[in-house]
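A.B. asks: This is the structure I have questions about; it appears just below.
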Amino acid sequence: MADSGPRLFGLPPGADFPAAFLAGLGNRMADAPPDAWARMEIWVNTQRMRRRLQDLLAAGPPRLWPRIRLVAELGSHPVLADLPTPPSPLRRRLELATLVGKLLEIEPDLAPRSSIFDLADSLARLMDEMLAEGVDPQALDRLDMGDLSAHWARSRRFLGLVDAYLGPDPTARGNDGARQRMAAERLAARWRTDPPEHPVIVAGSTGSRGATALFMAAVARLPRGAVVLPGFDFDMPGATWASLDDALAAEDHPQYRFRRLLDALEMDAAAVQPWDADAQPPSPARNRLVSLALRPAPVTDQWMDEGPRLTDLEEATACMSLIEAPSPRAEALVVALRLRAAAEAGRTAALITPDRTLTRQVAAALDRWGILPDDSGGMPLPLSPPGRFLRQVAALFGQRLTVAGLLALLKHPLTASGLGQRAQHLLWTRELELHLRRNGPAFPDGTALGDWAGKGRADGRVAWAAWLGAALDGLDRAGTEPLSPHVARHLALAEALAGGHDGTNSGALWAEAAGEVALAACDTLRAEADAGGEMSPADYAALFDAILREHEVRSAPEPHPGIMIWGTLEARVQGADLVILAGLNEGSWPEAPAPDPWLNRQMRAQLGLLLPERRIGLAAHDFQQAICAPEVVLSRAVRDAEAQTVPARWLNRLTNLLEGLKANGGQVALKAMQDRGANWLRLADALERPDAPAPAAPRPSPRPPVADRPRQLSVTAVERLIRDPYAVYARHILRLKALDPLIHRADAPLRGTVLHRVLERFLAEPLDPDPTQAEAHLMALADAVLAEDAPWPAARALWRARLGRVAPVFVRDEALRRAAAHCIARERAGAVTLADGFRLTANADRIDLRDDGRLVIYDYKTGTPPSQKAMEVFDKQLLLEACIAERGGFEGIAAAPVHEVSYLGLGNPPKTVTNPLENGLVDRTWAELGRLIAHYARAGQGYTARSRLQKRTDRSDYDLLSRFGEWDETSPPVAMEVGE
């Protein structure tokens with residue numbers, strides 16, 4: 001290894017890089033003394049690569065180990081011992097956020113305050129990139145803006161904060177990237193005159209970052225140095241390498257970063273030597289196919305020239321499968337099934353994808369077989385139990401506590417997680433929920449909690465309510481203040497709530513792996529909070545959420561040793577028998593470049609910064625490395641939740657190339673890949689499909705004891721008995737009713753209640769003979785009632801507008817109604833008893849008395865009133881009220897014949913449905929009622945679910961109880977005896 005000149009080596013795509021690297025190193029060190037291994041210094045790109053090398057070294061043969069370091073550790077190299085300790089990334093973020101906030105105070109039109117931390121993060125990333133790439137911040141002033149001067153002036157005010165923050169010595173506040181670059185520069189300068197006597201090797205890095213590329217170039221020039229490139233395409237011709245000279249056009253190519261490194265070393269691709277002559281890719285034919293498929297766009301005409309010479313396509317694709325799943329869920333299931341098959345066969349398998357949602361779905365699918373994959377990504381901290389809990393607590397400050405917010409907090413598994421408290425805490429939470437749903441208030445506080453607890457049993461709930469009230473009272477009064485008090489108050493409240501009402505510690509908040517990561521993040525925030533400046537509770541909650549997103553939780557249990565989930569960067573590690581490349585859709589792999597709010601592509605090219613396509617180029621290199629593994633599965637979902645997906649550009653290129661090579665057997669090879677994938681899809685579909693149809697739940701028709709059946713029903717309940725008897729059984733026999741909503745909303749029932757109150761007040765006063773004045777009076781009453789009973793401005797405006805549209809018709813018709821009769825009762829209760837003792841009750845909206853002594857009964861409908869036919873068959877409310885009236889059942893109203901009944905529809909358009917009660921309809925209705933009640937007084941009659949609902953789409957409060965959906969209206973009712 002003592003030859004002069006830059007020394008670049010490569011290993012082909014698909015090679016097991018760590019194993020091939022050590023094999024090649026062993027060949028070169030075969031004649032060296034044993035201690036030569038110990039003097040060697042090896043720099044690798046990831047922690048996983050280092051662990052893999054260490055595992056291979058541990059497997060033998062016995063030897064002294066070299067020093068294996070991470071390129072990321074350059075920032076702490078002893079060559080930088082004279083530099084001050086840089087600020088932590090969090091402190092830099094906080095300091096920049098303070099500067100952004102001050103700028104927005106001066107110029108509030110530049111951006112909303114809610115974007116302070118996003119802007120600070122974006123500026124920090126730009127600052128770090130400039131320092132890592134060796135770009136002087138003053139270069140921003142030298143950019144040629146052309147026609148973008150107005151936009152640039154706006155952006156430049158923000159970018160000026162970078163200059164102000166870095167000051168005269170940028171390295172003092174630089175990040176790891178800046179320190180890595182300085183270390184690389186210092187080492188390169190030192191090595192030019194005093195090169196190390198021991199071998200130095202950089203292995204597995206592509207040099208995508210400027211600092212890393214600088215370090216690699218310095219190592220390559222050492223007399224005893226070497227750089228080993230992963231996934232170097234030895235099959236790409238020199239003309240194609242020469243075409244990769246324009247960053248704006250070629251940065252998204254998988255080999256572009258190597259071309260940049262070659263240019264820096266003044267070398268061409270032919271000078272790169274194989275590191276290990278024995279390290280052949282699993283399928284050289286596939287490497288040639290993929291190399292041709294990924295040629296840069298300007299030279300894809302080479303497909304026509306070189307494609308026909310690919311005569312081994314069957315061999316190239318023999319160990320490849322293409323899965324095109326119908327949905328992301330189906331993709332996750334088939335990938336999990338393929339991983340399970342590998343585990344059963346004792347093979348190592350790796351899923352490689354940047355789609356973290358997909359990896360979580362795959363892990364969940366693997367859980368059914370008890371397989372826990374070795375996931376390099378872990379779970380995002382904000383989605384872990386402590387992350388969710390801490391975010392919930394942070395959101396409490398600066399606003400009034402709602403019932404929904406309180407119950408969500410109380411039901412979190414970490415609340416009152418102290419020893420022996422959880423069961424009692426959940427019991428009291430349940431009882432408090434029922435009380436708050438029924439009685440409110442909308443914004444519970446310590447006083448409301450104390451009132452509830454004082455009405456219960458003396459079982460400790462008073463102390464529990466007092467603890468809860470003391471913890472939560474006053475949170476809405478939190479205002480703008482420095483970050484340190486925000487952090488202290490937030491974490492103190494979180495620990496108090498987690499500890500419970502008689503706890504002395506923080507419960508399980510900081511327990512297990514997720515709790516430890518959360519505690520570390522919070523400790524860092526505590527330590528750096530003095531740099532935060534003043535912020536509102538909302539600003540603090542946004543900052544805290546952003547901080548949590550920087551952390552992930554690794555699985556604590558022992559994972560399966562042969563099933564792995566990797567990010568795309570780890571495709572270079574290889575070493576798996578089966579590699580699954582999943583999520584191969586545009587926007588997922590490759591991910592769409594994030595928009596840059598400061599610099600466009602041309603500006604970045606002028607400055608020498610990385611172009612947005614750099615990530616695409618890196619993803620392309622990872623794809624090329626992974627697809628050349630021994631056995632490969634390519635997977636994508638053809639649809640997502642919204643629309644058809646677009647295949648990843650590299651998959652599209654590969655399939656298009658194969659489609660075009662008809663004479664070579666390309667179409668046959670592609671069809672075989674698709675058939676292999678379709679077979680796995682069929683297996684996954686069979687796995688989801690039960691072996692035999694599961695027996696449907698019976699359509700219930702319970703038959704309770706006659707003695708337990710209701711002996712009193714309202715007229716609306718009788719309607720329900722006709723249409724849905726099961727609802728009567730559940731409501732009046734089982735005594736079940738729907739829970740009151742957590743948040744009372746402006747729904748149709750409340751609208752009906754409000755309009756009833758408006759009309760009740762309107763009818764209580766004389767009608768103004770002037771229709772215009774009468775309408776104005778009606779709307780004034782509506783305004784008053786809406787203000788009292790509808791606390792939703794949008795709903796008030798909507799309901800008032802609807803009433804305004806029907807007001808002229810209602811006032812006109814009301815004048816006619818008053819001319820024919822006068823109102824004698826509003827919201828009047830009534831009841832009558834049948835011969836067998838059954839009691840029928842009602843509450844009539846309005847009863848008028850005509851001059852001839854007959855009655856008229858009205859009911860107001862905010863929706864569409866039933867037709868006259870429906871009234872006679874199903875919706876018998878008004879007919880039954882007529883029966884009560886003719887028997888003198890309404891309080892203070894003597895028995896009298898009923899002339900007619902009417903529904904006054906207040907919908908749009910308004911509609912009145914009148915039934916003249918001809919041909920003895922009231923008497924027939926009374927007789928039918930007697931028969932109906934007698935029918936349900938027989939022991940053999942059941943209460944059938946959804947017997948005669950008007951529409952199949954109608955929903956009942958008891959559909960879940962009756963298991964509707966596991967049966968339908970075509971299912972015969974099944975009698976069910978209900979015990980005493």
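Yes/no matrix, rows are residues, columns are (1) in contact (Cβ under 8 Å) with a residue 24 or more places away in the chain; (2) out of contact with any helix residue (DSSP H, G or I) (no Cβ under 8 Å at 6 or more places or on another chain); (3) crowded, with 21+ Cβ neighbours inside 10 Å; (4) aromatic (Phe, Trp, Tyr):
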| residue | (1), (2), (3), (4) |
| --- | --- |
| Leu390 | yes, no, yes, no |
| Ala416 | yes, no, yes, no |
| Gly440 | yes, no, no, no |
| Pro444 | yes, no, yes, no |
| Arg457 | no, yes, no, no |
| Trp464 | yes, no, yes, yes |
| Ala478 | yes, no, no, no |
| Ala496 | yes, no, no, no |
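A.B. asks: Which residue is nearest to the chain's Cα centre (by Cα), if the candidates are limited to segment 851-885 and must be farther than 19 Å from Glu719 by Cα and buried (at least 19 other Cβ atoms within 10 Å of the Cβ)?
C.D. replies: Within segment 851-885, the subset farther than 19 Å from Glu719 by Cα is 851-856.
Then drop every residue that is not buried (at least 19 other Cβ atoms within 10 Å of the Cβ), which leaves 855-856.
Values: Leu855: 60, Val856: 57 Å.
Per the criteria, the residue is Val856.
A.B. asks: Starting from segment 221-235, take each residue that is assigned by TED's automatic domain parsing to the domain that holds Ala264 and list its partners that are among the basic types (Lys, Arg), counting only C-beta distances under 6 angstrom and pairs at least six apart or across chains.
C.D. replies: Ala226/Arg7; Pro230/Arg572; Asp235/Arg288
A.B. asks: Out of the residues in segment 535-557 that are in contact with an Asp or Glu (Cβ under 8 Å, 6 or more places away or on another chain) and over 16 Å from Ala394 (Cα atoms), which is surrounded by the fewest Cβ atoms within 10 Å (Cβ to Cβ)?
C.D. replies: Ala556
A.B. asks: Let me ask another. Starting from segment 884-912, keep only residues that are without any contact (Cβ under 8 Å) to a residue 12 or more places away in the chain, then list their pairs with residues that are in a loop (DSSP other than H, G, I, E, B) and among the basic types (Lys, Arg) whose Cβ atoms are within a distance under 6 Å, requiring at least 6 positions of separation or different chains.
C.D. replies: Pairs found: Ala895/Arg887.
A.B. asks: In segment 423-438, what count of residues is obtained for those that are out of contact with any Leu (no Cβ under 9 Å at 6 or more places or on another chain), free of Cβ contacts under 8 Å to residues at least 24 places away in the same chain and within 30 Å of Ala511 (Cβ to Cβ)?
C.D. replies: Pass one, segment 423-438, residues out of contact with any Leu (no Cβ under 9 Å at 6 or more places or on another chain): 423-424, 427, 430-431, 435.
Restricting the remaining residues to those that are free of Cβ contacts under 8 Å to residues at least 24 places away in the same chain gives 423, 427, 430, 435.
Still in the list and also within 30 Å of Ala511 (Cβ to Cβ): 423, 427, 430.
Adding up the residues that qualify gives 3.
A.B. asks: To continue, here is another question. Quick check on this structure: which one of Thr504, Thr568, Thr524 is out of contact with any Cys (no Cβ under 7 Å at 6 or more places or on another chain), outside the structural domain of Ala626 (by TED's automatic domain parsing) and either crowded, with 19+ Cβ neighbours inside 10 Å or farther than 21 Å from Ser417 by Cβ (or both)? Quick ask: steps written out before the conclusion?
C.D. replies: Details: Thr504 fails: either crowded, with 19+ Cβ neighbours inside 10 Å or farther than 21 Å from Ser417 by Cβ (or both); Thr568 fails: outside the structural domain of Ala626 (by TED's automatic domain parsing).
Only one candidate passes the filter, namely Thr524.
A.B. asks: List the number of the failed condition for Ala776; all other conditions in (1) farther than 30 Å from Phe890 by Cβ; (2) not aromatic (Phe, Trp, Tyr); (3) not in a helix (DSSP H, G or I) hold.
C.D. replies: (3)
A.B. asks: On to the next question. Tally up the residues in segment 637-677 that are over 37 Å from the mean Cα position of the chain (by Cα) and free of Cβ contacts under 8 Å to residues at least 60 places away in the same chain, please.
C.D. replies: Matching residues across segment 637-677 total 3.
A.B. asks: Could you please give the count of residues in segment 339-369 that are within 10 Å of Ile563 (Cβ to Cβ) and assigned to a strand (DSSP E or B)?
C.D. replies: Adding up the residues that qualify gives 3.
A.B. asks: If only one of Ala626, Ala594, Ala582 is within 24 Å of Gly378 (Cβ to Cβ) and out of contact with any helix residue (DSSP H, G or I) (no Cβ under 8 Å at 6 or more places or on another chain), which one is it? If you could, list the steps in order and put the result at the bottom.
C.D. replies: Working: Ala626 fails: out of contact with any helix residue (DSSP H, G or I) (no Cβ under 8 Å at 6 or more places or on another chain); Ala582 fails: out of contact with any helix residue (DSSP H, G or I) (no Cβ under 8 Å at 6 or more places or on another chain).
Answer to the selection: Ala594.
A.B. asks: Just checking, does segment 803-813 include any residue being at positive phi, over 42 Å from the mean Cα position of the chain (by Cα) and not polar (S, T, N, Q)? Even if it seems obvious, please write down each step before you answer.
C.D. replies: First, pick out the residues of segment 803-813 that are at positive phi: none.
No: segment 803-813 contains no residue that is at positive phi, over 42 Å from the mean Cα position of the chain (by Cα) and not polar (S, T, N, Q).
A.B. asks: Any chance segment 232-248 includes a residue that's in contact with a Phe, Trp or Tyr (Cβ under 6 Å, 6 or more places away or on another chain) and surrounded by 18 or more Cβ atoms within 10 Å (Cβ to Cβ)?
C.D. replies: Start the filter on segment 232-248 by keeping residues that are in contact with a Phe, Trp or Tyr (Cβ under 6 Å, 6 or more places away or on another chain), which leaves 244.
Applying the additional criterion that residues be surrounded by 18 or more Cβ atoms within 10 Å (Cβ to Cβ) yields 244.
Yes, there is a match, as at least one residue in segment 232-248 is in contact with a Phe, Trp or Tyr (Cβ under 6 Å, 6 or more places away or on another chain) and surrounded by 18 or more Cβ atoms within 10 Å (Cβ to Cβ).
A.B. asks: Could you look through segment 370-387, keep only residues that are assigned to a helix (DSSP H, G or I) and buried (at least 18 other Cβ atoms within 10 Å of the Cβ), and pick out the one that is nearest to the chain's Cα centre (by Cα)? Write out each step before concluding.
C.D. replies: Filtering segment 370-387 for residues assigned to a helix (DSSP H, G or I) gives 381-383, 385-387.
Cutting the leftovers down to buried (at least 18 other Cβ atoms within 10 Å of the Cβ) gives us 381-382, 385-387.
Details: Leu381: 13, Pro382: 11, Pro385: 15, Pro386: 17, Gly387: 14 Å.
Result: Pro382.
A.B. asks: I've got another one for you. Tell me, which helices (runs of 4 or more DSSP H) lie completely within segment 1-60 with 3 or more residues that are at pLDDT 90 or above and buried (at least 18 other Cβ atoms within 10 Å of the Cβ)?
C.D. replies: Working: elements: 17-28, 35-39, 47-58.
In segment 1-60, the matching helices (runs of 4 or more DSSP H) lie at 17-28, 47-58.
A.B. asks: Restricting to helices (runs of 4 or more DSSP H) lying wholly in segment 224-282: which have 1 or more residues that are in contact with a Pro (Cβ under 6 Å, 6 or more places away or on another chain)?
C.D. replies: Qualifying helices (runs of 4 or more DSSP H): 247-250.
A.B. asks: Only residues that are closer than 30 Å to Tyr936 by Cβ and surrounded by fewer than 21 Cβ atoms within 10 Å (Cβ to Cβ): list them for segment 833-850, please.
C.D. replies: Of segment 833-850, the ones closer than 30 Å to Tyr936 by Cβ are 833-845, 847.
Once the filter is applied, which keeps residues that are closer than 30 Å to Tyr936 by Cβ and surrounded by fewer than 21 Cβ atoms within 10 Å (Cβ to Cβ), segment 833-850 yields Thr833, Leu834, Ala835, Asp836, Gly837, Phe838, Arg839, Thr841, Asn843.
A.B. asks: Test Ala316 against the stated conditions and say whether it is touching a residue at least 12 places away in the same chain (Cβ under 8 Å), closer than 19 Å to Trp680 by Cα and not acidic (Asp, Glu). Lay out the reasoning, then the answer.
C.D. replies: Details: touching a residue at least 12 places away in the same chain (Cβ under 8 Å): yes; closer than 19 Å to Trp680 by Cα: no; not acidic (Asp, Glu): yes.
In short, no.
A.B. asks: Of (1) in contact (Cβ under 8 Å) with a residue 60 or more places away in the chain; (2) closer than 26 Å to Ile857 by Cα, Val785 satisfies all except one. Which?
C.D. replies: So the condition that Val785 fails would be (1).
A.B. asks: A further question on this structure: Report yes if Ala336 is surrounded by fewer than 21 Cβ atoms within 10 Å (Cβ to Cβ), at pLDDT 90 or above and either in a strand (DSSP E or B) or small (Gly, Ala, Ser) (or both), otherwise no.
C.D. replies: Details: surrounded by fewer than 21 Cβ atoms within 10 Å (Cβ to Cβ): no; at pLDDT 90 or above: yes; either in a strand (DSSP E or B) or small (Gly, Ala, Ser) (or both): yes.
Taking the combined requirement at face value, the residue does not satisfy it.
A.B. asks: Still on this model: Take segment 605-644 and flag every residue that is in a loop (DSSP other than H, G, I, E, B), buried (at least 20 other Cβ atoms within 10 Å of the Cβ) and not aliphatic (A, V, I, L, M).
C.D. replies: Cys628, the sole residue that qualifies.
A.B. asks: Return yes when Gly575 is in a helix (DSSP H, G or I), touching an Asp or Glu at 6+ places or on another chain (Cβ under 8 Å) and either touching a residue at least 12 places away in the same chain (Cβ under 8 Å) or buried (at least 22 other Cβ atoms within 10 Å of the Cβ) (or both) and no when it is not.
C.D. replies: Values: in a helix (DSSP H, G or I): no; touching an Asp or Glu at 6+ places or on another chain (Cβ under 8 Å): yes; either touching a residue at least 12 places away in the same chain (Cβ under 8 Å) or buried (at least 22 other Cβ atoms within 10 Å of the Cβ) (or both): yes.
The answer is no for Gly575.
The values are calculated or read from the model by the stated rules, or taken from the named source; none is laboratory data. As the structure is a computational prediction, the values presented were derived from the model and not from experiment. When we count neighbours, we look across all protein chains shown, and the Cβ atoms used for this are built from the backbone with ideal geometry, even at glycine.
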